[in-house]
Amino acid sequence: MKSSGTFPQLETKRLILREIGLQDAEGVFQNFSDEEITDIIGMGSLSTLKDAEEIIGEFQAYFEKGTGLAWAVVLKENDRFIGICTYEELDKHNSRGEIGYDLLRDYWGKGLMSEALRAVISYGFEELELNRIDAHTFLLTRNHEKC
């Protein structure tokens, strides 16, 4: 599996996927303080912005340790944070990765996460040279399944 020291930025027709940072704390907080979303993914809702900053720190540690990647998904048109795409577990020995994502509720059902995931999956196979990508799914509303 190839790896470089620079965090990869990806681009699609409507989105930019860039390294997540503290500038994304409000969006992360908005997403993970939404009880419907946190119930679906099995985590407690965030109660402070500091909680969001800690999660961002965990995401950044993936890249620093070489165990994963976490992209902030932002709209090209206005640089608005709308979600997160991750490889939470990169297994270099077995050339596999586990993909995850979260999307702010206002953007469900618009095809944005499908667009982002196509770029992340292509990056996994082509640049990271993965031969297997896993994803865990959760029972969601019909609208969210179309993301």
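Mind checking which residues of segment 11-38 are assigned to a helix (DSSP H, G or I) and polar (S, T, N, Q)?
Hits for segment 11-38 are Gln23, Gln30, Asn31, Thr38.
Restricting to segment 112-147, count the residues that are modelled with pLDDT of 95 or more and assigned to a strand (DSSP E or B).
The number of residues fulfilling the criteria is 2.
Using the structure shown, decide if Gly83 is within 26 Å of Ser122 (Cβ to Cβ), small (Gly, Ala, Ser) and crowded, with 16+ Cβ neighbours inside 10 Å.
Against the criterion (within 26 Å of Ser122 (Cβ to Cβ), small (Gly, Ala, Ser) and crowded, with 16+ Cβ neighbours inside 10 Å), Gly83 qualifies.
Quick one: in segment 1-11, which of the residues that are more than 15 Å from the chain's Cα centre (by Cα) and surrounded by 11 or more Cβ atoms within 10 Å (Cβ to Cβ) is modelled with the highest pLDDT?
It comes out as Ser3.
Among (1) assigned to a loop (DSSP other than H, G, I, E, B); (2) touching a residue at least 24 places away in the same chain (Cβ under 8 Å), there is one condition Leu46 misses while meeting the rest; what is its number?
(2)
Could you tell me which numbered condition Trp108 fails, if it satisfies all but one of (1) touching a residue at least 40 places away in the same chain (Cβ under 8 Å); (2) touching a His at 6+ places or on another chain (Cβ under 9 Å)?
Exception for Trp108: condition (1).
The values are calculated or read from the model by the stated rules, or taken from the named source; none is laboratory data. Note that the structure is a prediction, hence the values are computed from the model and not measured. Here Cβ is always computed from backbone atoms with ideal geometry, including for glycine, and neighbour counts include all displayed protein chains.
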